[in-house]
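Taking it in order: structure first as structure tokens, then the write-up.
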Amino acid sequence: AYVIAEPCIGTKDSSCTEVCPVDCIHPTPDEPDYDAATQLFIDPDECIDCDACVEACPVDAIFAEDQVPEEWSAFAEKAVTYFAN
Ligand code: SF4
Ligand code: F3S
């Protein structure tokens, strides 16, 4: 699965949600908890590894799971935790 990392925090551009073919990036701007969210997350169980979201993000926050920079390695687990709730 793809992973959204630190650069999304404070940006939440949301362009990624518009290009994802399986709508697995949450919360989207039309979801109630969007304003309170610190960043968006990709549901690892739904992501089909299509790569479309990577170019859509203006701050390069999205990475293939095996290419997440070392300093942001915790973000894959954060996504798992987010969708477990
Ligand atoms: Fe959606 Fe594709 Fe990005 Fe996965 S890689 S979150 S399926 S756009
Ligand atoms: Fe965040 Fe980039 Fe999507 S800033 S909301 S990962 S387009």
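For the chain, the percent of C-alpha pairs falling in each 5 Å distance bin, counted from 0 to the bin holding the largest distance, reads 3, 17, 29, 30, 18, 3, 0.
The candidates THR38, THR11, arranged from most to least accessible area with a 1.4 Å probe in the full protein assembly, appear as THR38, THR11. Using 0.36 nm per residue and subtracting the Cα-Cα separation, the extra length available between VAL54 and GLU77 on full extension is 6.4 nm.
Judged by a Cβ-Cβ distance under 4.7 Å, the unpaired cysteines of the chain are CYS8, CYS20, CYS24, CYS47, CYS50, CYS57. For LYS12, LYS78, the ranking by accessible surface with the largest value first comes to LYS78, LYS12, using a 1.4 Å probe. Taking the Cα centre of the chain as origin and assigning +1 to Lys and Arg Cβ atoms and -1 to Asp and Glu Cβ atoms, the resulting dipole is close to 180 debye.
The values are calculated or read from the model by the stated rules, or taken from the named source; none is laboratory data. Remember, predicted model here, so these are calculated numbers, not experimental data. Virtual Cβ from ideal backbone geometry, glycine too; neighbours counted across all protein chains shown. Each accessible area value is taken on the protein alone, full model and side chains, heavy atoms only, with ligands, DNA and RNA left out. Shrake-Rupley method; radii C 1.70, N 1.55, O 1.52, S 1.80 Å.
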